[in-house]
1. Assess whether B:S100 counts as being in contact (Cβ under 8 Å) with a residue 24 or more places away in the chain and among the hydroxyl-bearing types (S, T, Y).
2. Does the range A:215-235 contain any residue that is at positive phi, exposed (fewer than 13 other Cβ atoms within 10 Å of the Cβ), outside any helix (DSSP H, G or I) and of a type outside the set (D, E)?
3. With more than 14 Å from chain B (Cβ to nearest Cβ) and farther than 22 Å from A:R115 by Cβ as the only criterion, which of A:L241, A:L196 stands out?
4. Output the residues belonging to the range B:91-115 that are under 22 Å from A:Q178 (Cβ atoms) and more than 14 Å from the chain's Cα centre (by Cα).
5. Identify the residue in the range A:51-73 that is aliphatic (A, V, I, L, M) and in a loop (DSSP other than H, G, I, E, B) and, among all such residues, is farthest from A:Y156 (Cα to Cα).
6. Hey, can you tell me all the residues within the range A:1-30 that are part of a loop (DSSP other than H, G, I, E, B) and within 14 Å of another protein chain (Cβ to nearest Cβ)?
7. Return the residues of the range A:132-167 that are in a helix (DSSP H, G or I) and touching a strand residue (DSSP E or B) at 6+ places or on another chain (Cβ under 9 Å); say none if nothing qualifies.
8. Which one of A:L154, A:L182, A:L176 is touching a helix residue (DSSP H, G or I) at 6+ places or on another chain (Cβ under 6 Å) and closer than 30 Å to A:I134 by Cβ?
Amino acid sequence: MAESITLEIFRYLSESETKPAFQTYEVPFRRDWVILDALNYIKDNLDGTLSFRWSCRMGVCGSCGMMVDGTPVLTCATFMEKFLPGPIRVEPLVNFPAVRDLVIEMDDFMGKLSRVKPWIIRDEEKPLSQGEYIQTPAQLHDYKQYSMCINCMLCYAACPIVGLEPGFVGPAAIALAQRYNLDNRDQGKKERMEVLSQDDGIYECTLVGECSVVCPKSVDPAGAIQRYKATTAMEWWKSLLLPWGKK
Amino acid sequence: MVEVVITSVGQEMSEYSRRNGGLYQRRTPIFWWTKKWSNVKFITRELTSVFVAGYALVLLFQIRALFQGPETYANFLEWLKTPISITLHAVGFLFVLFHSITWFNLAPKAMVIRLGKKTVPGSLIAASNYAAWLVVSGLITWILAFS
């Protein structure tokens, strides 16, 4: 069993350097350690200047996403053992600008997320006196998978289209749009369609499928986007063949 | 709660980067797809569309030849028999086969069918696509064999 393992970490000291470089650290190897444990070991014992984000350590908050040997992962859910004998290369998520070391700038993603209006839209809110909006387990099942998204942005790092066409709304935002489109309490399909049928919307997706491969919550954004494409195509045919029909 | 945390961190960081130096932006290299087998397969699948378009073009030229009279049509059929045409068709056929199979395998991603309370499994959706393909191919073979 290995006693230690080497980590090659992307260092970008934005306050003093203009270019990043890889710095090597030797950390103890423990079978029960995930990459995040190793990063915290470095921060606490070897180099306090290393910057990275983390919070929950249990795959819920979505803060600790990084590239590990070129694949976007949650570092709290990725064991070092998998990468024996090393070295393990840790980089900030690609397709996002790096702020410092392993920390990325996520403003662009937050903007895209709010563009698709990921909340329940009602034509008219019914008064409280009329009670709650009822939902059956089957109706919940329709969208539940897409509601599991934790905004960790691994799918954005995995998607080559996001890298090539930075305007693309992207996998998580579209999956979350579908989460609300498929909710029986929602009436905002049309508003979201106006955003997502634009040039930078669903049709940018060429179904590489990597977003669904890396998703730690099995949301399947690629599936969400293809379903959305199929729905818009059906709507288009309907409006062509039945122009007098209900819009 | 999670979203609130992310938003506040995001804003703090842009304030940070405004004060403490620039962001470092990496670009996607043009040969990004060569690094992973699944991406090579993806690019191959996309490229096979060229061969699908090629088949469509051959069909259009065939129809044009048909309209231009029996002599042009006979010439066209003669061209189809040349080694270069046969080679092109053989290569094209392999790519179109790859195209069809990969797309049929992906069909369940776009089609989620609910029957009552149950969701139809993806394998069944892919299988029904293959079945339809076989039926249509069989029908075409039957027409060609008996006409």
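The values are calculated or read from the model by the stated rules, or taken from the named source; none is laboratory data. These figures come from a predicted structure and were not determined experimentally. Because the Cβ atoms are built from the backbone with ideal geometry, glycine has one as well, and the counts that use them run over all protein chains shown.
1. Yes; evaluated as a whole, the condition is true for this residue.
2. Yes, the range A:215-235 contains a residue that is at positive phi, exposed (fewer than 13 other Cβ atoms within 10 Å of the Cβ), outside any helix (DSSP H, G or I) and of a type outside the set (D, E).
3. A:L241
4. B:P108, B:M111, B:V112, B:I113, B:R114, B:L115
5. Within the range A:51-73, the match that is farthest from A:Y156 (Cα to Cα) is A:M58.
6. Residues satisfying the conditions are A:Y12, A:L13, A:S14, A:E15, A:S16, A:E17, A:T18, A:K19, A:P20.
7. Residues satisfying the conditions are A:A138, A:H141, A:D142, A:L154, A:C155, A:Y156, A:A157, A:A158.
8. Of the residues listed, the single one that is touching a helix residue (DSSP H, G or I) at 6+ places or on another chain (Cβ under 6 Å) and closer than 30 Å to A:I134 by Cβ is A:L182.
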